[in-house]
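As structure tokens, the structure follows; a few thoughts come after it.
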Amino acid sequence: MTVRELFDADLHLLGSAKVTVSTATTTAFDFGTPNDLNMPAVSALKRGDRVFAVFTATTTGTTDTVSFVVQDADDSSGSIGTPATAVTDGTLTGGTGTQYAHTAIKMQAGRPWLRLAAKSTGATDTFVCTVQVYGLGAAA
């Protein structure tokens, strides 16, 4: 079995998105309708499967800082409920200039939605930010 076949069997892209941030704000990544990731709608994750996110933020500036946010939420009649900080294993604090981060995300019972965002501290630099969310497991 080739390496590609091994990855194809276990690693699944669940969503990817891109945003441009040029003000001191938190900007959520838009994964298309309904904007946030409803995990049951994008995957068949089972207990023990893993979810992780890979973030990038590129800029030519060196003044503002950028960091990343991962939230989970309950379901509210088919829409995202109230987001709160998700349980992750990574440091998403970022810094100035081009930044990279990754984190595993622990999916919690009753919180099937994920909202991921980029957060900038100023309006001097423009960051182009991307995120890819992967499922790792036989059922992802």
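The values are calculated or read from the model by the stated rules, or taken from the named source; none is laboratory data. Computed from a predicted structure; not experimentally measured. Note that we place each Cβ from the backbone using ideal geometry, even for glycine, and neighbour counts take in every protein chain shown.
Within region 101-140, the only residue that satisfies the criterion of being outside any loop (DSSP other than H, G, I, E, B), in contact with a helix residue (DSSP H, G or I) (Cβ under 7 Å, 6 or more places away or on another chain) and surrounded by fewer than 22 Cβ atoms within 10 Å (Cβ to Cβ) is Leu136. Working only within region 19-57, note down all residues that are among the basic types (Lys, Arg) and within 17 Å of Ala101 (Cβ to Cβ). Of everything in region 19-57, just one residue is among the basic types (Lys, Arg) and within 17 Å of Ala101 (Cβ to Cβ), namely Arg50.
What about Arg47, is it part of a helix (DSSP H, G or I), among the charged types (D, E, K, R), exposed (fewer than 14 other Cβ atoms within 10 Å of the Cβ) and modelled with pLDDT under 95? In short, no.
Checked against (1) hydrophobic (A, V, I, L, M, F, W, C); (2) at pLDDT 90 or above; (3) assigned to a helix (DSSP H, G or I), Ala9 passes all but a single condition, namely (2). For region 72-90, a residue qualifies if it is loosely packed, with under 15 Cβ neighbours inside 10 Å, in contact (Cβ under 8 Å) with a residue 12 or more places away in the chain and β-branched (Val, Ile, Thr), and the qualifying residues are Thr85, Val87. When the residues of region 61-75 are filtered to those that are in a strand (DSSP E or B) and either in contact with a helix residue (DSSP H, G or I) (Cβ under 8 Å, 6 or more places away or on another chain) or of a type in the set (Asp, Glu) (or both), the one that is nearest to Gly97 (Cα to Cα) is Asp72.
Of the residues making up region 86-93, one or more are within 16 Å of the chain's Cα centre (by Cα), in a loop (DSSP other than H, G, I, E, B) and β-branched (Val, Ile, Thr). Consider region 76-85 and keep the residues that are assigned to a loop (DSSP other than H, G, I, E, B) and polar (S, T, N, Q). The one that is nearest to Val66 (Cα to Cα) is Thr82. Going residue by residue through region 118-131, is there one that turns out to be farther than 16 Å from Thr27 by Cα and under 14 Å from the mean Cα position of the chain (by Cα)? No - not one qualifying residue is present in region 118-131.
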